[in-house]
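Read the structure below first, then the notes.
Laboratory data are not the source of any read-out in this text; all were calculated from the coordinates shown. Bear in mind the structure is a predicted one, so any value in this text is a computation, not a measurement. Glycine also receives a Cβ, built like all others from the backbone with ideal geometry; neighbour counts cover every protein chain displayed.
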Amino acid sequence: MSRILAPALRAFLFAAAILCIFALSNAQTAKAQDMARAFAGTYQISDVAAEGGNVHFTMTLKLSNPGNADVHGGIVVLLNSQPNKAYLGSFSAISTLAHGKQVTVTKTFTVPAAEYAKWQNGHAPTLQFLVPSGETAVAAGIEAHQVNAPVAATN
């Protein structure tokens, strides 16, 4: 009898372990999907100056977290507007962005003048929020709108 029970017990324990792994995997996936949703925000550009083929400016971003989870250690990155996105810079890490709350970050950037010109002609800067998830990060979109008129670069 114990020889019959042992394989059945092993099969039961194996099935229970698989179910636990599946449940944990789904919980992690749900958390990552919640983090991958679009964040919302508004931004202002100020102190714009052209120098050679570049434009220097200060960007102030008010970033809101409409999700159900707090974000710890997230980083907002600025990308170019090309189809193959390239990194242009980043804000400092945000220690905590609580769910339902917002945070304001400010950073001075230097971008190619051609990229800045696109922003003045209807293309918004591409911002992403890198949200820590385990040992990696999930790139979440930021739906951000400019609250002041585009500022022309001055020499």
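In debye, nearest 20: dipole of region 37-146 around its Cα centre with unit charges on the Cβ of K, R (+) and D, E (-)?
Charge dipole of region 37-146: 160 debye, to the nearest 20.
If you filter region 74-155 for GluC sites (Glu not before Pro), then keep DSSP loop positions with at most 10 other Cβ within 10 Å, what is left?
Counting only loop positions with at most 10 other Cβ atoms within 10 Å, the GluC sites (Glu not before Pro) in region 74-155 are E135.
Region 97-121 to region 129-145: how many Å between their Cα centroids?
Cα centroid to Cα centroid, the span is 15 Å.
Just to be sure I understand: of the beta bridges DSSP finds with both ends in region 37-146, what percent are antiparallel, rounded to 5?
Expressed as a percentage, antiparallel bridges in region 37-146 total about 90.
Which aspartates and glutamates does K101 reach when only Cα atoms under 14 Å apart count, and residues fewer than 8 places away in its own chain are ignored?
Those aspartates and glutamates meeting the cut-off are D70.
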